[in-house]
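One structure is given below, encoded as C-alpha cells.
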Ligand SMILES: Nc1ncnc2c1ncn2[C@@H]1O[C@H](COP(=O)(O)OP(=O)(O)OP(=O)(O)O)[C@@H](O)[C@H]1O
Ligand SMILES: [Mg+2]
C-alpha cells in the first residue's frame, strides 16, 4: 500500500508541489516566528548579561512595588553612605555605586544623535573598577575622568563623525552641559548596546547630571576570589539599611531576562497569531486538494474496494499520504522559516521597529513544534475528504461521469447562518449592551466561521454578480462564470482562504482609518494649540523642561502648556497618569471639567476621569491613595472630575507634583498658543530658531503634528499588512491549485471545446476569468466582512478614544482590484495547460 | 450489387479530400501505420459512410479530414483550403466555422442546456445564431420540449440528437460523425440516422460517418471500405444486406 501511495503522489507532480508549498508556507511562518523571537530574546539577554557580567552582588532599595510591565520597575535611590558599610564586609573586593539616566548626545553641529527607531538614549557612570564594568570596554581613548569628560558608544561616534577630543553638548533632564569626548565604548564586541546611544561619565559627574549628588541607583559589589555570589549577598544583607536589600548578580540578570521575556511576549503572541492565520488558510488548500484527489480517484478507490480492499485500508492509504506530505512539507517549511525570520527582521528594520539581533537561533523546540503542527494540520485537513472517499460505492464510481453541477447542502447553510447570527448577536451585545469584551471577541470569531461555513450558499449569487460584466466578453467569460459556480463547495473553500486574508487586511485598515480620523478630530476639538512641541522622534521619551522656558521667551508666543506622562499605582492598581500645567491646562486641553478645577491641584490634589470616578464611586473631595516607585504612598484629594478627550488617562496631577513624587522627568509635549496678531509662520520660525540649542525638541504645526501622531500607527499598519499578505499569498497558491486540478478534471470538456472551435486564446481567457471570479468572490466577501469587523472593532474601542468611524473606500477598492489582478496571475499556469489540452482527448473514449 | 471503380463524379464539387495522406504513430519498430497513402474525395451533398475492421484507420482518416490531427505526409483539403499547413488558430477557426462534429459520446458540455449546446460554436465565434434555421433543425431532430434540459437529464439518444443539431446549426460545409450510433439502441440509432439522411437529402448537407453497422451504412449514398490503412473498395447506394455480404467477402 505504501508503494502505491508514493507512486500516486509522484504521478501528480504539480499537485504535490502546490500542496507542499501551501503547507510549507504556513509552517515557515510558524518556524520563522519562533526563530525570530528566540533570537531577539537571546540578543536582549546577551546585552544585559554583558553589562552586569562582572557584578557579583547588588545592593539596592526595595521597590515600592513591582511594575506589572517589564523592565520599568523603578526604585528609590540608595544613599552613597551605604558604600562605606558595604566596603567593610568581609570578602568584598570592590564596591561602586551606579547611576544611569536620560542623556541625549548631540553631534559637533549640535544636532541630536537619535538612535534608529527611537531606541533609548542613556547616560551611565563608568565604574573605576574594570571588573565591575562587565563587558563594557574602551575601544579607543580613555575612561572619563574629569567633570567635563565623556566616553560615548562607538556607533554614535562613527556615524556622526564625533572625533576624540572634540567637544559636544549633552542634554539631560536638567540643564545641558558641554563635554570633551575622551573615549569610545564597545560592549563585548558590539559597537552599541542594542541600538541605544550611550554616554559614560565619571561617577561624580554622573550623579550630578543623571541623578542627584549623594545618591546612587544601585550599588554594585565585586567579590574576592573564593567567595560565592550567594555568600556575598548573605553577608551584605546583614549590613544594608532596613529599606534596602542585597541580591546576587545572577538574580539581577535573571530579573532582567524575565522582564525581557515579558516584554517580548506581546511580539511573540502577535507573530504566533499571524502564523496561526497562515496555517489556517493553508489548511483550506489542503482540504481542497484532498477533496479533489478523492473525487478524481473515486474510480480507482471503488475499483480497489470492488476487488476487496477494506474501507480501513483505503482510509489508511489516504491518511498515510497526508502524513508523508505533511511531514515533508513541514521540513521544507522549517528551512523556509529561517528565511522568513531574516525577512521579518528586515521588514521590522524597514518600517522602523529596531530590535537587537544576533545570529538566528534554531532551537530543537522550534523544529519539533513546527513538524508536529504542520503534519497534524495536514492530516486533520485530510480526514474528512478521506472518510468521504471510503464511502464511495463501487457503482457510483464506475458510472461514466464528468463532474457536473453540485448543489450546496441546505443543512450546511442553515448551520452556517445560525453561527453567523449568534456571532453578530454576541458582538451587538457587547457594543450596545453590557456584555464583556470577551463576548465581542467570541462573537467576532463565530461570525467569521459562520460566513466560511455558509459561503457555498453565496457562491452562485456572487458568481452571477461578478460574472455579469465578464459574461459580456463572450463565450469564454460565460463558461468561466458557470465553471466557477458549478462546484460551490470547492469554489467557496478556495475563495474562503483569500477571504480570510482580506478580511483581516481590510478590518485593520478600516480600524486604522477610524483611529486616524478620531485622532484628527480630537486634535481639532479638544486641543486649542497653534503649535506643538514634541521630542525628535515619535518614540523618544520626551524633552527637557528647559525647552518650555526657551519657547515661552520667544516673541509672539502667548502661552506654552507643557504636559508629561508617568506610571503609578492608584488604589492598588497600576495606571498611567498625565501631568499638566494647572495654569493653562483647562484652556489649552479643553478638559471639560464637570466638577472642581484643575487649578486646585496644589500639592496633594488629583483629577480623575468621569468614567474612573463612576466605577470607583469617587466624589469630589474623596481621597485616592497613589503609590510612586520613587517616593512611596501619597494621599491625594480629588479636586476635579473631567471627561476624557485629548487626555486618555484616568488621572491628572500637576507637573510640579510629578517632580515631587517621581523625581525629575522629561516632558512629553508642549502646546503653544500664539499671541493674537502674531503671524503663525513667523512665530513657528522663531520657535524653531530658539530650539536650535535644544535638539531634543521639535516644533510642529497642526498638520505636522497630526502626521507625527499617526506615524507610528502607519508603521504598525504597514507591518501588519505585510504579515497578512503572506496569508493572501498562500490563498493565491490555493487558487492555482484548484484551477490546476479543475483543468485536469475537465480535460475532455476542454478537448471538446477546442474541437468545436474554441481557440487557445479563448481557452486561456476562460480559465483566467474563472480565476478572477474566484478571487473576486474571496475579495468582495472579505472586504465586506472586513468592513463590518473593522467598524465593530473601532466601535468596541470607543473607550480608547475612537469616536469617528470611517471606511477608506479608495484603499479597499485598490485591494479588491489587486485581488482580481492576482487572480489573473494565479491563472497563468493552469490556463496554459488548459490551452495545450490535446483536441483528440475529447474524441477518444476510454 | 453495384461494385464501382471509385471514380468520382466530375459534376459534383469536392467538400473535403485527402491526397496521399499517411499517418504513422510511434517510432522505429513500434511504429504503426494507421493510414497508408490514402487519397479520397468527399463530395458535396453526399452522405458517405466509412467502414472497416477495428484498427483499420477509420477514425484516423476522419480526424485528418476534420482538422483534428495532422497527417505524417500528404495533403488534406477542406473545400479549396489546404489545411495541413494552417496554424493552430486558423485550423481552429476553420473547424468552428466550416465543420460540424458528432462523436461517439461526450459531445456536450455538462454545464449547459441542450439549447446552449446547440449554438455553442456560433457563440464561441461571437455570432448570433440564425434562429429560424436553428428552430427548423430542432424541429427536425424532435427536441423541442427538451431544450432547457442539461445533458445529464437527457437519454443517450437525445444527447446524440442534440450533438447532431449542434453539428448542423452553424451550416458547416461538412459534418463528420464517428460511430454516432455506437452507444445507442436501434430505435434511437434509427432516429439519428434518419435525421442525418434528411439533412443530406433535403438540406443538401455533406456528411461523412464512420460506422461498424451495415444498417447504418445503408443510409449513406456511398460506402468506403478501409483495411490496414488502405481504401480497399467502395459501394454506392447499397442496402444493408449488400454491405454485410461485401464485409463477409472482405473478411474471407
Ligand atoms: N494515438 C495513437 N497512438 C498510437 N497508435 C494509435 C493512436 N491512435 C490510433 N492508433 C493506431 O492506429 C491504428 C488505426 O486506429 P483508428 O483509431 O483509426 O482505428 P479505427 O478504424 O477507428 O478502429 P475502431 O473501429 O476500433 O475505432 C490502430 O492500429 C491504432 O492502434
Ligand atoms: Mg475508431
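Just so you know, all these numbers are worked out from the coordinates, no wet-lab data involved. The structure displayed is predicted, hence computed values, not measured ones. Every residue, glycine as well, gets a Cβ built from its backbone with ideal geometry; the counts of neighbours run over all protein chains shown.
Computed on the Cα atoms alone, the convex hull of segment A:647-780 gives a volume of 264 cubic angstrom per residue. Normalising by residue count, segment A:516-586 has a Cα convex hull of 144 Å³ per residue.
Indicate the gyration tensor shape class of segment A:630-682 (rounded, prolate or oblate), computed on the Cα atoms with a ≥ b ≥ c the square roots of the eigenvalues: a/c under 1.5 is rounded; otherwise a/b larger than b/c is prolate and the rest oblate. Prolate, because a/c is 1.5 or more and a/b exceeds b/c.
Tell me the Kirkwood radius of segment A:740-817: reciprocal of the mean inverse pair distance over distinct alpha-carbon atoms, in Å.
That comes to 15.8 Å for segment A:740-817.
Largest first and in whole Å, the equivalent-ellipsoid semi-axes of segment A:545-693 read 31, 17, 11, each the square root of five times a Cα gyration tensor eigenvalue.
In the P(r) worked out for segment A:470-548, what percent of Cα pairs fall beyond 19 Å? Looking at segment A:470-548, the distances longer than 19 Å represent 70 percent of pairs.
Counting 0.36 nm for each residue step from residue A:87 to residue A:437 and taking away their Cα separation leaves a gain of 120.5 nm. All Cα-Cα separations within the protein assembly as shown were binned at 20 Å from zero, giving a P(r) of 10, 29, 26, 17, 12, 6, 0, each value a whole percent of the pairs.
Annotation: the antiparallel percentage among DSSP beta bridges lying fully within segment A:93-243 is about 70. Computed from the C-beta positions of residue B:241 and residue B:37 and an R0 of 35 Å, the FRET efficiency is 0.65 to the nearest 0.05. Size descriptors for segment A:213-370: radius of gyration and Dmax over Cα atoms are 28.2, 93 Å. Taking the C-alpha atoms only, the angle from helix A:809-826 to the longest principal axis of chain A is near 50 degrees.
Peptides A:420-426, A:321-327 ranked from most to least packed give A:321-327, A:420-426, packing being the mean of other C-beta atoms within 10 angstrom over each peptide's residues.
Once both labels are positioned 7 Å from their Cα atoms along Cα-to-Cβ, the gap between residue B:89 and residue A:558 label points is 7.4 nm.
Stokes-Einstein diffusion of segment B:122-227 at 25 °C, 0.890 mPa s viscosity, Kirkwood radius from Cα pairs, rounded to a whole number: 169 µm²/s.
Divide, for segment A:128-263, the radius of gyration over alpha carbons by 2.2 N^0.38 Å, where N is the residue count.
Cα-based Rg divided by the globular estimate yields 1.20.
With contacts taken as Cα pairs under 8 Å and at least 6 residues apart, chain B reaches a relative contact order of 28 percent.
Here the protein assembly as shown carries DSSP beta bridges of which approximately 70% are antiparallel, counting only pairs with both residues inside.
Per residue, the average separation of C-alpha pairs within less than 8 Å and at least 6 apart gives chain A a relative contact order of 16 percent. Going by alpha carbons, how many degrees (0 to 90, nearest 10) lie between the helix axis of A:2-11 and the longest principal axis of chain A? Once rounded, one gets 90 degrees.
Among B:77, A:705, the ranking by other beta carbons within 10 Å of each residue's beta carbon, starting with the fewest, stands as B:77, A:705.
In terms of surrounding Cβ atoms within a 10 Å radius of their Cβ, A:219, A:380, A:730 rank from fewest to most as A:380, A:219, A:730. When each of the peptides A:410-416, A:644-650 is scored by how many other beta carbons lie within 10 Å of its residues on average, the order from highest to lowest is A:644-650, A:410-416.
Over every Cα atom in segment A:617-713, the radius of gyration and the widest Cα-Cα span, Dmax, amount to 18.1, 49 Å.
Would you mind ranking B:246, B:230 so that the residue whose beta carbon has the fewest other beta carbons within 10 Å leads the list?
Going from sparsest to densest Cβ surroundings: B:230, B:246.
Note that segment A:690-756, at 10 °C in a medium of 1.306 mPa s, gets a Stokes-Einstein diffusion coefficient of 92 µm²/s from its Kirkwood radius over C-alpha pairs.
Between residue A:594 and residue A:840, the simple label model (points 7 Å from Cα in the Cβ direction) yields a spacing of 8.7 nm. Using the Stokes-Einstein relation with a Kirkwood hydrodynamic radius computed over Cα pairs, the translational diffusion coefficient of chain B at 4 °C and a viscosity of 1.567 mPa s comes to 70 µm²/s. Note on B:97-105: average number of Cβ atoms from other chains within 10 Å of each residue's Cβ is 3.
What value, in deg cm²/dmol to 500, does the helix sum -39500 (n - 2.57) over DSSP H runs of n ≥ 4 give at 222 nm once divided by the residues of chain A? Kindly include the intermediate steps, with their values, before the conclusion.
Numbers: 24 runs with 473 residues, N = 846.
Calculated mean residue ellipticity at 222 nm is -19000 deg cm²/dmol.
The mean number of Cβ atoms from other chains found within 10 Å of a Cβ in peptide A:753-766 is 6, as a whole number.
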